[in-house]
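Just below is one structure, and these are the notes that go with it.
Only the coordinates and a few stated rules stand behind these numbers; no lab work does. Because the structure is a prediction, the values reported are computed rather than measured. Neighbour counts run over all protein chains shown; Cβ positions are idealised from the backbone, glycine included.
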Amino acid sequence: MERKCSFCDSPIALGRGKMYVKRDGTVFYFCSSKCERNMIRLGRKRRKVKWAAGTTKSKDK
């Protein structure tokens, strides 16, 4: 069963990646330390980071 990264939504192969469990029981899966660092340590949101899959472009006219 493939999991998806909680930050960038890229697929994580079996035996790869990292699972992070918060004190309240919330589970996050990360494909790389880059994703973990941006979400946990730096508190960034996926939609604000250009390289993540869940980004949105503003619609300028």
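See the values below:
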quantity: Cα shape, region 3-44, gyration tensor, a/c 1.5 rule; calculated: oblate
quantity: The chain, relative contact order in percent, only Cα pairs under 8 angstrom and at least six apart counted; calculated: 30 percent
quantity: Per-residue Cβ neighbour rank within 10 angstrom, fewest leading, 2, 36; calculated: 2, 36
